[in-house]
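S.K.: Here it is, the structure in full.
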Amino acid sequence: MAPSTDISNGINGSQSSAPSRSNPYQPVGDFLSNVSRFKIIESTLREGEQFANAWLDTGYARMLDDFGVDYIELTSPAASEQSKRDIEAICQLGLKAKILTHVRCHMGDAKLAVETGVDGLDLVIGTSDLLREHSHGKDMSQIITTAIDVINYVKSQGLEVRFSSEDSFRSDFVDLLSLYKAVDAIGVDRVGIADTVGCATPRQVYDLIRTLRGVVGCDIETHFHNDTGCATANAFVALEAGATHVDTSVLGIGERNGITPLGGLMARMIVSDHDYVTNKYRLHKLKEIEDFVAAAVQVNVPFNNPVTGVCAFTHKAGIHAKAILANPSTYEIINPADFGMSRYLHIQSRLTGWNAIKARVEQLGLNMSDDKIKLLTGKIKAMADVRVLTMDDTDSVIRSYVEAGLD
Ligand SMILES: CC(=O)SCCNC(=O)CCNC(=O)[C@H](O)C(C)(C)COP(=O)(O)OP(=O)(O)OC[C@H]1O[C@@H](n2cnc3c(N)ncnc32)[C@H](O)[C@@H]1OP(=O)(O)O
Ligand SMILES: O=C(O)CCC(=O)C(=O)O
Ligand SMILES: [Zn+2]
């Protein structure tokens, strides 16, 4: 794609204003919804480490803490000696975020986890027929018994405890509700719902979480894989249905193609509650964090990444550019300035319109009548029909027009 240029600085009075909030489709007054009070469990250092290329060190914990996430989830201390030492080291950093370790719902793992100094344990066990048969071999009554023993143990150590079912959406719904009711009754802090294989649709998520909300009094954490592209939408509807916590990872890295990305969730949530998101999270840090993680796991930030993708705030077609110059809310639901990003107008294609060229002429400090700018725009379009133009090409055409006295 041809390079684009920022021509909006200084020519657009509404550059830093928030997008219009008068969206007629915005739901109002939904008493179940936690869209305005959700918490993030950032799992780059747990789920993210399960991404094929990942080899992450403890330094990321500080970055995530600076961003303002509520919890940082780390891998299991049972994984390796170094994993255990990393957990212990992160617990000593004095971060604001609570530190969790993610372990099997298994007394041995729980005891090891308690020794590390974490604030809490995220316990997990598969509940679908497939996982019960092929992962750990326990039936539902053994799962309930083990869960109660391990949860009681963690609570006796004064730590926060969450209990989650792997593969929740392919588990028997009645079994799941009975299990969660039992762990809620003994005072678990959170239950977790996990779409481990990314099969759930937003409607299934809404229905399951809304029903669960009526069955347990504790918090509800959610974890969505992105195999079918629904991870961010599912996280959002889960919050609408009464979930309290969402698991994320930077760029969504995790097993296979990963989970709800931190940046994508921020993009979704800022549109739903601008003040909650901007007051709580240091959004200007997002690009730096994503760039660090992308480099560490040897991937490029995708061009269409929400907010930080290379063209996330690039406007090209003339109709769009004209309206953006008048008011960015016309074609932007997110204000790039909220994330420390800039908007760009692409003005070197056959889709370019005269209003965009006029803005560039003015930015270059040149004077030209509207009629001449329209002729000039025709020239730029004709050139763009023949070859890809750069921003420099457009500027040269504009200047040569002026120098030739065609203004
Ligand atoms: C969906 C998810 O992402 S869940 C989180 C995944 N995270 C991890 O796997 C953390 C990294 N894992 C590891 O380092 C290792 O798998 C360990 C240390 C946990 C276990 O290692 P190993 O003993 O070598 O077993 P292995 O990995 O081959 O198999 C998994 C074992 O966990 C058992 N298991 C799986 N889930 C559970 C559970 N919730 N509770 C108890 N046991 C479980 C399986 O039965 C199997 O044990 P077995 O070999 O005695 O039958
Ligand atoms: O512990 C959880 O809730 C989620 C575990 C996990 O990564 C998954 O099921 O995909
Ligand atoms: Zn997962």
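S.K.: Name the residues in the range 114-149 that are within 16 Å of ligand 3 (Cβ to nearest atom), open to solvent by less than 30 Å² (accessible area, probe 1.4 Å) and either at pLDDT below 95 or among the hydroxyl-bearing types (Ser, Thr, Tyr) (or both), would you?
M.R.: Answer for the range 114-149, where residues must be within 16 Å of ligand 3 (Cβ to nearest atom), open to solvent by less than 30 Å² (accessible area, probe 1.4 Å) and either at pLDDT below 95 or among the hydroxyl-bearing types (Ser, Thr, Tyr) (or both): Thr127, Ser128.
S.K.: Please go through the range 237-255 and pick out each residue that is among the β-branched types (Val, Ile, Thr) and in a loop (DSSP other than H, G, I, E, B).
M.R.: Thr244, Ile253
S.K.: Yes or no: the range 140-161 includes at least one residue that is assigned to a strand (DSSP E or B) and either within 27 Å of the chain's Cα centre (by Cα) or in the same structural domain as Asp184 (by TED's automatic domain parsing) (or both).
M.R.: Yes, the range 140-161 contains a residue that is assigned to a strand (DSSP E or B) and either within 27 Å of the chain's Cα centre (by Cα) or in the same structural domain as Asp184 (by TED's automatic domain parsing) (or both).
Residue-wise test of (1) in contact (Cβ under 8 Å) with a residue 40 or more places away in the chain; (2) more than 16 Å from ligand 2 (Cβ to nearest atom); (3) closer than 22 Å to His245 by Cα.
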site	(1), (2), (3)
Glu47	yes, no, yes
Arg85	no, yes, no
Glu88	no, yes, no
Lys96	no, yes, yes
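S.K.: Pick from Ala78, Ala52: which is modelled with pLDDT under 95, open to solvent by 20 Å² or more (accessible area, probe 1.4 Å), within 16 Å of ligand 2 (Cβ to nearest atom) and of a type outside the set (D, E, K, R)?
M.R.: Ala52
S.K.: Name the single residue that is surrounded by the most Cβ atoms within 10 Å (Cβ to Cβ) among those in the range 256-266 being part of a helix (DSSP H, G or I) and touching a Ser or Thr at 6+ places or on another chain (Cβ under 8 Å).
M.R.: Per the criteria, the residue is Leu262.
S.K.: Do you know which residues across the range 165-177 are more than 16 Å from ligand 2 (Cβ to nearest atom) and within 20 Å of His136 (Cα to Cα)?
M.R.: Asp172, Phe173, Asp175, listed by residue number.
S.K.: Here's something else I'd like to know. Hey, can you tell me all the residues within the range 197-234 that are open to solvent by less than 30 Å² (accessible area, probe 1.4 Å), of a type in the set (S, T, N, Q) and part of a loop (DSSP other than H, G, I, E, B)?
M.R.: none
S.K.: Mind checking whether some residue in the range 278-290 is touching a residue at least 12 places away in the same chain (Cβ under 8 Å) and not in a helix (DSSP H, G or I)?
M.R.: Checked against the condition, which is being touching a residue at least 12 places away in the same chain (Cβ under 8 Å) and not in a helix (DSSP H, G or I), the range 278-290 yields at least one hit.
The values are calculated or read from the model by the stated rules, or taken from the named source; none is laboratory data. Fair warning: this is a prediction, and the values are worked out from it, not measured in the lab. Every residue, glycine among them, receives a Cβ derived from its backbone with ideal geometry; neighbour counts consider all protein chains shown. SASA here: full protein model, heavy atoms, side chains in, ligands and nucleic acids out. Shrake-Rupley method; radii C 1.70, N 1.55, O 1.52, S 1.80 Å.
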